[in-house]
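The values are calculated or read from the model by the stated rules, or taken from the named source; none is laboratory data. Remember, it's a predicted structure, so these values are computed and weren't measured experimentally. Counting neighbours? That spans all protein chains shown, and the Cβs are built from the backbone with ideal geometry, glycine included. Each accessible area value is taken on the protein alone, full model and side chains, heavy atoms only, with ligands, DNA and RNA left out. Shrake-Rupley method; radii C 1.70, N 1.55, O 1.52, S 1.80 Å.
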Amino acid sequence: MRAVAFYQHGDPGVLRLVSDWPEPRAGPGQAVVAVEACALNHLDLFVRRGMPGVAITLPRVPGGDIAGTVVASGSGAAAEPGQRVLVDPLITLPGGKHGALGENADGGLTERIAVPGQNLIPLPASVSAVQAAALPIAYGTAHRMLITRGQLRPGETLVVLGASGGVGTACVQLGAMLGTEVIAVASSQAKLDRLAGLGARHLVLARGPEYGAKVWQLTRKRGADVIVDYSGRDTWPATLRTVRHGGRILVCGATSGYEAATDLRYLWVREASILGSDGWRRDDLEALVGLVAAGRLSPVIDRVTGLDGVVQAQRDMEARAVFGKIVVDPRG
């Protein structure tokens with residue numbers, strides 16, 4: 001069976017396309033899914049490079065966002081062969097801790113995978129495997145952050161930093177769908193032009209902290225109701241100065257660094273709230289599938305490639321030469 005795996009940490013060159021990866025078997029409570037689509041995420045880059053304090057068993061097949069068709073099921077698995085499914089990447093590890101497919105267990109950059117039956121979410125006929133695979137990690141994270149945790153409301157001003165990435169484009173789309181005034185911040189005019197087509201009302205061409213002064217002027221020196229900042233260290237000081245009185249800052253990561261300087265004066269003077277959001281939950285994914293099925297949401301797909309295109313895809317992701325999601329079809 002074909003799969004993409006890495007046997008040591010490093011740059012994208014450590015990824016290998018192998019043809020003799022072991023066939024999965026459905027154990028008790030498991031189902032084997034024929035993978036039709038597996039979306040890539042920045043988590044795949046972090047896992048491949050190696051993360052301080054996180055032990056990754058090698059070799060490892062990356063890829064957490066999986067959609068396909070059930071081909072076999074073990075005893076006690078509520079799954080029928082032929083059923084089209086999205087796989088929730090959030091798994092329970094020995095000892096009761098939570099982990100993710102592609103990080104703490106092998107992922108979906110393979111032709112078939114055995115997964116817990118309880119992680120399967122049925123797909124309606126109107127939702128394609130490519131659309132479904134684009135949802136879990138990026139759109140699930142955005143949905144939980146904006147809607148479940150952030151309680152985003154129509155008419156509010158929403159600033160999205162890093163708006164052209166997977167989570168960013170999801171935030172722009174969900175914010176526009178909810179009727180907010182979306183301010184998209186990105187470092188490329190070409191990407192901003194595409195974000196306008198997703199519903200961004202205002203476009204800010206900026207890198208790092210320079211976005212703050214531009215948003216401050218756009219909001220008539222009032223500040224934004226909600227700011228999504230998963231950059232961290234580089235943008236955090238500007239974000240604190242740019243949120244309005246009583247506003248909310250939403251955080252789901254820190255791509256530029258975790259140790260961000262916080263000027264506490266802005267928090268108490270503006271009575272601002274900082275809300276952390278950790279990943280997604282199953283109900284976030286079910287809600288997203290429903291939005292796609294209803295035609296209210298269309299995940300942004302940069303391209304669909306085969307297993308032989310994974311190395312280049314990860315290189316492009318590292319170079320930020322991607323808009324939306326790259327999806328891998330192992331059958332190609």
With x for Gly and Pro, the residue-by-residue ³J(HN,Hα) of the range 228-245, computed from phi through the Karplus equation 6.51 cos²θ - 1.76 cosθ + 1.60 at θ = phi - 60° and given in whole Hz, is 8, 10, 10, 7, x, 3, 5, 9, 4, x, 5, 4, 4, 7, 9, 6, 7, 5
In whole angstrom, the spacing between the Cα centers of the range 273-318 and the range 171-250 equals 20 Å
Options (1) 20.3; (2) 21.2; (3) 23.2 are given for Kirkwood radius over Cα pairs in Å, and the computed one is (1)
Expressed in square angstrom to the nearest 10, the accessible area of Trp280 with a 1.4 Å probe stands at 20 Å²
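Can you tell me which of 295-303, 28-36 comes out highest on packing, and rank the rest after it, using the mean Cβ neighbours within 10 Å?
Working: 295-303: 16.7, 28-36: 21.1.
Listed from highest to lowest mean packing, they are 28-36, 295-303.
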To the nearest 0.05, the calculated FRET efficiency linking Ala319 and Thr69 through their beta-carbon distance, R0 being 41 Å, is 0.75
Taking the square root of 5λ for each eigenvalue of the C-alpha gyration tensor of the range 1-85, the equivalent ellipsoid has semi-axes, largest first and in whole angstrom, of 27, 13, 13
Two pseudo-spin positions, 7 Å from Cα along C-beta at Arg303 and at Gln217, lie apart in nanometres by 3.6 nm
Dividing the helical contributions, -39500 (n - 2.57) per DSSP H run of n ≥ 4, by the residues of the chain yields a 222 nm value, nearest 500 deg cm²/dmol, of -6500 deg cm²/dmol
For the Arg270, Arg207 Cβ pair and Förster radius 22 Å, calculated FRET efficiency rounded to 0.05 is 0.35
The distance between the Cα centres of the range 108-137 and the range 33-103, in whole Å, is 10 Å
The extension gain from Ile147 to Gln189, computed as 0.36 nm times the residue separation minus the Cα-Cα distance, is 12.3 nm
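Could you sort Leu250, Leu264 by accessible area so the largest value comes first, with the probe set to 1.4 Å?
On the way: Leu250 5, Leu264 100 Å².
Largest to smallest exposure gives the sequence Leu264, Leu250.
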Residues whose built amide H sits under 5 Å from the amide H of Arg248, excluding neighbours closer than 5 in sequence, are Val226, Ile227, Ser273
Interchain or sequence-distant (5+) residues whose placed amide H lies within less than 5 Å of the amide H of Gly63 are Gly108
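Using Cα pairs closer than 8 Å and at least 6 residues apart in sequence, work out the relative contact order for the range 2-86, in percent.
Numbers: 151 pairs, mean separation 29.6, N = 85.
The value is 35 percent.
Between Arg49 and His98, what length comes free when the chain is fully extended (0.36 nm per residue of separation minus the Cα-Cα distance, one decimal in nm)?
Details: separation 49, 0.36 × 49 = 17.64 nm, distance 2.11 nm.
Computed gain between Arg49 and His98 is 15.5 nm.
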Between Ala72 and residues 5 or more places away or on another chain, the pairs with built amide H atoms under 5 Å apart involve Val32
Expressed in square angstrom to the nearest 10, the accessible area of Glu181 with a 1.4 Å probe stands at 50 Å²
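Where both residues lie in the chain, what percent of DSSP beta bridges are antiparallel, nearest 5?
Details: 32 of 57 bridges.
Once the DSSP bridges in the chain are tallied, antiparallel ones form about 55 percent.
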Per the rule of 0.36 nm per residue minus the C-alpha distance, extending Leu58 to Thr262 adds in nm 69.6 nm
In terms of the alpha carbon gyration tensor, root eigenvalues a ≥ b ≥ c, rounded if a/c is under 1.5 and otherwise prolate when a/b exceeds b/c or oblate, the range 243-332 is oblate
Yeah, the range 180-332 with a ≥ b ≥ c from its alpha-carbon gyration tensor (a/c under 1.5 is rounded, else prolate when a/b outruns b/c, oblate otherwise) is prolate
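In the neighborhood of Gly155, defined by Cβ-to-Cβ distances under 15 Å, what is the net charge if each Lys or Arg adds +1 and each Asp or Glu adds -1?
Details: positive: Arg153, Arg201, Arg222, Arg244, Arg248; negative: Glu156, Glu181, Asp225.
Charge balance in the 15 Å sphere: +2.
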